[in-house]
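S.K.: Quick one: the structure is below, and I'll ask about it shortly.
Just so it is clear, none of the values below were taken in a lab; they were calculated from the coordinates. Keep in mind the model is a prediction, meaning the values are calculated, not measured. Don't worry about glycine lacking a Cβ; one is built from the backbone with ideal geometry, like all the others, and counts go over all protein chains shown.
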Amino acid sequence: MSRKPNRVKINGIYRQIYYINDGILDGMDEKMAGIYVLACIKSGSMYVGSSSNIRSRVMSHFRKLKKGSHTNYKLSKAYSQYPSRWALIVMETVSGLTQTETYRLENAYLKRPEYDLNIDRSAFAPFKRWKDRQMETPNNNQR
């Protein structure tokens, strides 16, 4: 049985909040796109991200956190301290935006100091690292 999300007022705007139980999100739309925050309820630490499918992305974060294979060391440390005290806050929903436009929107959040669990201060940073690795890898098909 799915429940309606709770709402919390952040910066004067009501946001949807979902409590995460063992990496499971109950009551969230399958294909909601937008900017989200993972909040550690116990410590107050927060991580901001964006996705074309927030539910799937958040569940991926928690699968990796449970396995100990998440690449974000700050998020991993916070999860190891408080594994069952997390919430998802949907900051903005988007539709029809390109990935670049969504990253630009996320960047506005990343500039704020309260998102202390983010390693990068640019949403484009992971893509840039991937592109750099691709450039370093020699193409075995060229002769």
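S.K.: May I ask which of Lys42/Lys74; Lys31/Lys77; Lys9/Lys64; Lys67/Lys111 have a Cα-Cα span longer than 26 Å here?
M.R.: Beyond 26 Å: Lys31/Lys77; Lys9/Lys64; Lys67/Lys111.
S.K.: Sticking with this one: Given an 8 Å cut-off on Cα distances and at least 6 residues of separation, report the relative contact order of the stretch 6-136 as a percent.
M.R.: 29 percent
S.K.: Here's another thing I want to ask about it. With each label point set 7 Å from Cα along the Cα-Cβ vector, what nm distance links Lys74 and Ile24?
M.R.: Label-label distance for Lys74 and Ile24, simple model: 3.1 nm.
S.K.: For the stretch 36-77, list residues with backbone N below 16 Å from a point placed 7 Å from the Cα of Asn6 toward its Cβ?
M.R.: The answer is 37-45, whose backbone nitrogens lie closer than 16 Å to the label point.
S.K.: Could you tell me the largest-minus-smallest coordinate of the C-alpha atoms of the stretch 44-129 on each of the three principal axes, in descending order and whole angstroms?
M.R.: Largest to smallest, the principal-axis extents are 36, 26, 23 Å.
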